[in-house]
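Structure record follows, encoded as structure tokens.
The values are calculated or read from the model by the stated rules, or taken from the named source; none is laboratory data. Just so we're clear, the structure is a prediction, and the values are computed from it rather than from any experiment. Please note: Cβ atoms are built from the backbone with ideal geometry, for glycine as well, and neighbour counts cover all protein chains shown. Heavy atoms of the whole protein, side chains included, go into the accessibility calculation; ligands, DNA and RNA do not. Shrake-Rupley method; radii C 1.70, N 1.55, O 1.52, S 1.80 Å.
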Amino acid sequence: VLQNLSQTPILRELLKEAKMPDTTVKIESPELSMEPQLIKLDQPGPLTLAMYQFLTEMQETKRGVVTPKELFAQVCKKAIRFKGYQQQDSHELLRYLLDGMRAEE
């Protein structure tokens with residue numbers, strides 16, 4: 001899930017812009033023939049910042065192994081079901097991760 005998200009350019013770009021407090025981001029989607037959306041973001045929350053940091057580390061070519069310790073800790077704070085390292089479905093992680101970041105908007 002995290003490898004797939006790291007290869008989503010628009011997500012990386014939005015997180016890069018969103019890490020700055022009181023930012024307005026413009027979302028355009030030529031494929032959907034929609035008018036551009038302007039979204040004002042407040043201070044990003046800890047989950048959003050951890051996601052940004054993790055994706056940035058994954059994009060660095062000099063790093064070998066990247067572990068999502070801080071991101072996982074933030075996910076566990078939002079969804080305690082992930083504590084204890086029990087096996088979970090990847091789609092559940094994706095849902096809790098994206099819902100948690102959206103709740104921080």
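Values for this structure:
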read-out	value
Computed magnitude of the charge dipole of the chain (debye, nearest 20; Cβ of K, R +1, Cβ of D, E -1)	480
Region 1-103 - percent of accessible surface contributed by carbon and sulfur, probe 1.4 Å	53
Degrees separating the helix 90-103 axis from the principal Cα axis of the chain, which is the longest one	50
The chain: angle of helix 69-78 to the longest principal axis, Cα-based, in degrees nearest 10	80
Among 62, 40, 77, residue whose mean-square fluctuation peaks in a GNM of the chain (springs only between Cα atoms under 10 Å)	62
Relative contact order (%) - region 1-103, alpha-carbon pairs under 8 angstrom, separation at least six	23
Solvent exposure of the chain as accessible area per residue, Å², 1.4 Å probe	72
